[in-house]
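Novice: For reference, the structure I am asking about is given below.
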Amino acid sequence: MPEAGQVDPSNWVCPLPLRETKRIVMGHGGGGILSEELIENLFLPAFGSAGGVSRDSALLDVTGGRIALTTDSYVVNPLFFPGGNIGDLAVNGTINDLACSGAQPLALTAGFIVEEGLELEVLGTIAQSMGKAASEAGVSIVTGDTKVVGKGSADGLFVNTAGVGVVPDGLRIGPEQARPGDHIIVSGSVGEHGVAIMSVREGIDFGTTVTTDSAPLHRLVAAMLASVEDPNVIHSLRDPTRGGLVTAMVEIARSAGVGVELDEAKVPIPESVASACGFLGLDPLQVANEGKLVAFVDPVHSEAVLAAMRTRPEGAGAVIIGRAVAEHPGMVIARTPFGTTRVVERELGEQLPRIC
Amino acid sequence: MKYLDEFRDPAAAKSLVEAIRRSATKPWTIMEVCGGQTHSIIRNGIDQLLYGAVEFIHGPGCPVCVTPLEMIDRALEIASREDVIFCSFGDMLRVPGSKQDLFSVRARGGDVRIVYSPLDATRVAAENPDKQVVFFGVGFETTAPANAMSVLQAKRLGLTNFSLLVSHVLVPPAMTAILGASTNRVQGFLAAGHVCTVMGTGEYGPLVEKFNVPIVVTGFEPLDLLEGVRQLVELMEAGRAELRNAYPRAVTDIGNTVAQQALADVFVVTDRQWRGIGMIPQSGWTLSPRFAEFDAELKFGVGHLEVQEFAECHAGEVLQGLLKPNECPAFGTTCTPRNPLGATMVSSEGACAAYYQFRRLETSANA
């Protein structure tokens, strides 16, 4: 050991190699220079946000209407899948939660829990996807947070996005607003996102590549609201993500105390999704979507709303798949192509592939 | 969808239903043996279409449902070990053992993985030489060939860390047990198409003769099932006990001889407990002594675990067709998919779960 005051070059720690690392290290979450560099060199350019004054909170100007606030965490494995990644999923998913409350999104936050060792290039690619998705949606990512956890404490990367939007005065869209007689519209084919994830997660080749349907829906919702004189004839909106179409319909039916009659043959299911689900023993109605919505609409106005939806690419495949009824409140009853009926229920937990 | 849509055509289904109704002069009681068929009948409402002409009794052909409780407990014991990666088909994870299920074991830190094929489990074994990898080999003649292949594969690769917890069961002995029971109500059988794809139809002729009962082999799509029922009703009306194959696109008389050879190499016939039914002699397969090194029961010394069923569960009567699921006092009250008393409430192929999922409306309306 050298005497006090003496310098031992062998004990020097050179910060440069660490800062040039190609992977996330604990220090990136330490709140020091590495954290700052990560924000300035990776996140801010990706999100296209101006530097400006560094504050603890983003400040937003709001005029009129009610604030809609939502949050969602994304823990998808793998981080990259056909047609998207965890980043654009996190942006679109939170925009869609706002949109289905009738809100036009104003701003998003982005929180990252990063596992030590994640390649910076991976994080950069995901951040850039988030920036691109936000920019395409016309929504800014205004504030964020990064934490790093030790190797093995997380699955590469978890992303949380919260979103703020404004619901115009007088608009009352909500799951409790559905009424008997409402027509139920789905904005397009179901099941693609879930099958896209399963195809890469399980390494199963379905013959064709199924890509995620991840897309922002706020412009579709705006078009729907603009298509009718009184936008409150659109009673309920929901994006059928985890748990699929069934869960979205059951939740609305339970909130509003109505029953649902689903015309099973009308539900648009792509052949690739149907065959993948048949192979795995899963029900396409239970499989996740990330760019679809289901709407309960006053039957007098459903055709006008449907026509408006079909003018937009994200609503081109919109169809009426059923109606709300006064009977069997809280339950979804499917009418099969054979004229018989069955109860359609949510999964208890995760979907389990059948043995044979 | 090619090869599927043509077997789901509503117009063709309607004419088959009409043909069955025309030929049935009285209500016939038939049993579909396979759980996949039960699922399809209830999902598509084929029992509703034939109401009054045909009563379906849902047979013991759901592998999840008939796997005995002690075997589930053995699986749970093995899966809880720190040195084990326990691989299983998905729907076994929620089956309640006497104290917990595989999901609970996983939540406590057990390495329990869902795989789609037992060969995935041998791959896991090759990749994790420091772990013991166990595959839960349940099911009928349908899943057994792939499980046999996994053992042959493990042997070929020289894997010493792979083993199979075997609980295979066989269809013909179960049909014999049902037909031989004094309480039997079954007048005709729909035999399980995929079992016959493997085994051929040779085992069913002797049952037809011994019990003077018609058997029609059929598939799983709505038109397959309706065509099977049409042929079965025709035979019952004519008083003819015959074996027919209504699923020729998948089933031949001799079956899959390569698969049969693998089964004969790896397994030997044994007595088996059937959950809810009891011991049926010579009704299952276990690993041949030649492959004892791959037998998880021996490797982990869990063969001694034996337990009692919940008395409140009437799954045995349901599996034998003596009770409709909604006639059970526990149905939908103390027994639901969230808190199943028996395995028939767990698997989507189980008769109780199928009734709970798809038939609650009418069962609650009739209550």
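Novice: Which of A:291, A:48, A:131 moves the most in a Gaussian network model of chain A with Cα springs under 10 Å?
Specialist: A:48
Novice: Okay, next question. Taking just the C-alpha trace of region A:189-246, give me its Rg and Dmax in Å.
Specialist: When restricted to the Cα atoms of region A:189-246, Rg and Dmax are 15.7, 49 Å.
Novice: Let me ask you something else. Provide the three semi-axes, in whole Å and in decreasing order, of the ellipsoid equivalent to chain B as defined by the square roots of 5 times the Cα gyration tensor eigenvalues.
Specialist: That gives 35, 24, 18 Å for the three semi-axes.
Novice: Still on this model: Give the average, rounded to an integer, of partner chain Cβ atoms located within 10 angstrom of each Cβ in B:57-63.
Specialist: 1
Novice: Another one. Just tell me which lysines come within less than 28 Å, Cα to Cα, of residue A:147; anything on the same chain fewer than 8 places away is out.
Specialist: Those lysines meeting the cut-off are A:22, A:132.
Novice: Would you work out the relative contact order for region A:250-334, in percent, from Cα pairs under 8 angstrom that are 6 or more residues apart?
Specialist: This gives 66 percent for region A:250-334.
Novice: Continuing with the same structure: Residue by residue through region B:173-179, which ³J(HN,Hα) values in whole Hz follow from phi under the Karplus form 6.51 cos²θ - 1.76 cosθ + 1.60 (θ = phi - 60°), with glycine and proline marked x?
Specialist: After applying 6.51 cos²θ - 1.76 cosθ + 1.60, I find x, 5, 5, 4, 5, 5, 5 Hz.
Novice: Specify the inter-centroid distance of region B:27-47 and region A:139-214, based on alpha-carbon positions, in whole Å.
Specialist: 37 Å
Novice: Counting only C-alpha contacts under 8 Å and six or more residues apart, can you give the relative contact order of chain B as a whole percent?
Specialist: Computed value for chain B: 22 percent relative contact order.
Novice: Then there is this: Compare the peptides A:221-227, B:243-249 by average per-residue count of other Cβ atoms within 10 angstrom and give them in order, highest first.
Specialist: A:221-227, B:243-249
Novice: Please list, in order along region B:110-115, the HN-Hα scalar couplings obtained from phi with the Karplus expression 6.51 cos²θ - 1.76 cosθ + 1.60 (θ = phi - 60°), rounded to whole Hz, x for Gly and Pro.
Specialist: Here the 3J(HN,Hα) series is x, 8, 10, 10, 7, 10 Hz.
Novice: Per residue of A:273-284, what is the mean number of Cβ atoms on other protein chains within 10 angstrom of that residue's Cβ?
Specialist: The mean count of partner-chain Cβ atoms within 10 Å per residue comes to 2.
Novice: Then there's this: Compute, for region A:91-216, the length of the dipole vector about the Cα centre, with Cβ point charges of +1 (Lys, Arg) and -1 (Asp, Glu) only. Units Debye, rounded to 20.
Specialist: 280 debye
Novice: How long is region B:62-219 along each principal axis, judged by its Cα atoms, biggest number first, in Å?
Specialist: Its Cα atoms span 55, 37, 22 Å along the three principal axes.
Novice: Separate question: Other chains' Cβ within 10 Å of A:332-339 residues: what's the mean?
Specialist: Per-residue shielding by partner chains comes out at 6.
Novice: What number, rounded to the nearest 500 deg cm²/dmol, is the helix-based mean residue ellipticity at 222 nm of chain A, given -39500 (n - 2.57) per DSSP H run of at least four residues and division by all its residues?
Specialist: -8000 deg cm²/dmol
Novice: Sticking with this one: Of A:262, A:220, A:338, which is farthest along the charge dipole of region A:206-356 in the positive direction, counting Lys and Arg as +1 and Asp and Glu as -1 at C-beta?
Specialist: Farthest along the dipole direction, towards plus: A:338.
Novice: Which order do B:26, B:210 fall in if you start with the one that has the fewest other Cβ atoms within 10 Å?
Specialist: Fewest-to-most ranking of B:26, B:210: B:26, B:210.
Novice: Please give the net charge around residue A:116, taking every other residue with its beta carbon less than 9 angstrom from that of residue A:116, where Lys and Arg add +1 and Asp and Glu add -1.
Specialist: Here the count lands on +1.
Novice: In addition: With equal scatterers on the alpha carbons only and no solvent term, can you work out the Debye log10 of I(q)/I(0) for the protein assembly as shown at 0.05, 0.09, 0.10 1/Å?
Specialist: -0.30, -0.90, -1.06
Novice: What FRET efficiency comes out for residue B:128 versus residue A:149 if R0 is 22 angstrom and r is the Cβ-Cβ distance? Round to the nearest 0.05.
Specialist: 0.35
Novice: What does the charge dipole of region A:175-344 about its Cα centre add up to, to the nearest 20 debye, if the Cβ of each Lys and Arg holds +1 and the Cβ of each Asp and Glu holds -1?
Specialist: I would put it at about 60 debye.
Novice: In whole Hz and in residue order, list the ³J(HN,Hα) couplings for region A:240-246 that follow from phi through the Karplus curve 6.51 cos²θ - 1.76 cosθ + 1.60, θ = phi - 60°; x for Gly and Pro.
Specialist: So the J values, rounded to whole Hz, are x, 8, 3, x, x, 4, 4.
Novice: What number does chain A give for Rg over Rh if you use C-alpha atoms and the Kirkwood radius?
Specialist: 1.06
Novice: Quick one: which residues, 5 or more positions from residue A:74 or on another chain, have an amide H under 5 Å from its amide H? H modelled 1.01 Å from N in the peptide plane, none for Pro or chain starts.
Specialist: A:159, A:160, A:161
Novice: What percentages, rounded to whole numbers, describe P(r) for region A:76-230 computed over all alpha carbon pairs with 5 Å bin width beginning at zero?
Specialist: 2, 8, 15, 18, 17, 15, 11, 8, 4, 2, 1, 0
Novice: What is the set of long-range amide H partners of residue A:325 at a cut-off below 5 Å, with H atoms built 1.01 Å from backbone N?
Specialist: A:181, A:259, A:260, A:261
Novice: Going Cα to Cα from residue B:14, which lysines come in below 24 Å? Please leave out same-chain ones fewer than 8 positions away.
Specialist: The reachable lysines, counting only those whose Cα sits under 24 Å from residue B:14, are A:266, B:2, B:26.
Novice: I'd like to compare A:191-202, A:115-126: which one has the highest average count of other Cβ atoms within 10 Å, and what's the full order after that?
Specialist: A:191-202, A:115-126
Novice: Restricting the calculation to Cα positions, tell me the Rg (one decimal) and the Dmax (whole number) of region B:56-100 in Å.
Specialist: Calculated on Cα positions, Rg and Dmax stand at 12.3, 46 Å.
Novice: Run the dipole for region A:282-328 about the Cα centre, Lys and Arg Cβ at +1, Asp and Glu Cβ at -1, nothing else charged, and hand back the magnitude in debye, nearest 20.
Specialist: Rounded to the nearest 20 debye, it is 160 debye.
Novice: What are the radius of gyration and Dmax of region A:144-253, computed over its Cα atoms and given in Å?
Specialist: Final numbers for Rg and Dmax: 18.4, 55 Å.
Novice: Once Lys and Arg get +1 and Asp and Glu get -1 on their Cβ, which of A:125, A:98, A:110 lies farthest toward the positive end of the dipole of region A:68-141?
Specialist: A:98
Novice: Using the Cα gyration tensor of region B:211-367, with a ≥ b ≥ c the square roots of its eigenvalues, what is the shape: rounded (a/c below 1.5), prolate (a/b larger than b/c) or oblate (neither)?
Specialist: oblate
Novice: Considering amide H positions built from the backbone, and no H for Pro or chain starts, which residues 5 or more places from residue B:267, or on another chain, come under 5 Å of its amide H?
Specialist: Excluding prolines and chain starts, which carry no amide H, the hits are B:288.
Novice: By the gyration tensor of its Cα atoms, with a ≥ b ≥ c the square roots of the eigenvalues, what is the shape of region A:152-206: rounded for a/c under 1.5, prolate for a/b over b/c, or oblate?
Specialist: Note, shape of region A:152-206 comes out oblate.
Novice: Moving to a separate point now. Two decimals is fine: what's Rg over Rh for region B:1-155, C-alpha atoms, Kirkwood radius as Rh?
Specialist: 1.12
Novice: Rounded to the nearest 500, what is chain B's calculated 222 nm mean residue ellipticity when only DSSP H runs of at least 4 contribute -39500 (n - 2.57) each, over all residues?
Specialist: The helix contribution divided over chain B gives -11500 deg cm²/dmol.
Novice: So, one more: Provide A:56, A:283 in ascending order of the number of other Cβ atoms located within 10 Å of each residue's Cβ, fewest first.
Specialist: With the sparsest Cβ surroundings first, the list reads A:56, A:283.
Novice: Quick check on chain B: of the DSSP beta bridges with both residues there, what percent are antiparallel, nearest 5%?
Specialist: 20 percent
Novice: Any idea which of B:66, B:56, B:25 is furthest toward the positive side of the dipole for region B:25-168, if Lys and Arg beta-carbons carry +1 and Asp and Glu beta-carbons -1?
Specialist: Most positive-ward Cα: B:66.
Novice: OK, next. Could you please rank B:194, B:58, A:28, placing first whichever residue has the fewest other Cβ atoms within 10 Å of its Cβ?
Specialist: By the 10 Å Cβ count, ascending, the order reads B:194, A:28, B:58.
Novice: GluC sites (Glu not before Pro), restricted to region A:203-306: which are DSSP loop and have at most 15 other Cβ atoms within 10 Å?
Specialist: In loop regions of region A:203-306 (DSSP not H, G, I, E or B), the sparsely surrounded GluC sites (Glu not before Pro) are A:229.
Novice: Let me ask something else about it. Can you pull the one-decimal nm distance between simple spin-label points at residue A:75 and residue A:230, each 7 Å off the Cα toward Cβ?
Specialist: Between residue A:75 and residue A:230, the label points sit 4.4 nm apart.
Novice: Further, regarding this structure: How high is the relative contact order of region A:46-133? Use alpha-carbon pairs under 8 Å, at least six apart in sequence, and give a whole percent.
Specialist: Here the relative contact order equals 45 percent.
Novice: Using alpha carbon centroids, what distance separates region A:275-317 and region B:62-87, in Å?
Specialist: Distance between centres, Cα-based: 40 Å.
Novice: Could you name the lysines whose alpha carbon sits less than 27 Å from that of residue B:155, not counting residues in the same chain fewer than 8 places away?
Specialist: Hits, sequence-local ones excluded: B:131, B:299.
Novice: May I have the pair-distance distribution P(r) for region A:175-344, computed from all Cα-Cα distances with 5 Å bins from 0 and rounded to whole percent?
Specialist: Reading the bins upward from 0: 2, 10, 18, 22, 20, 15, 9, 4, 1, 0.
Quick note: the coordinates plus some simple rules give every number you see, no bench work behind them. Quantities reported herein were computed from a predicted structural model and do not represent experimental measurements. Here Cβ is always computed from backbone atoms with ideal geometry, including for glycine, and neighbour counts include all displayed protein chains.
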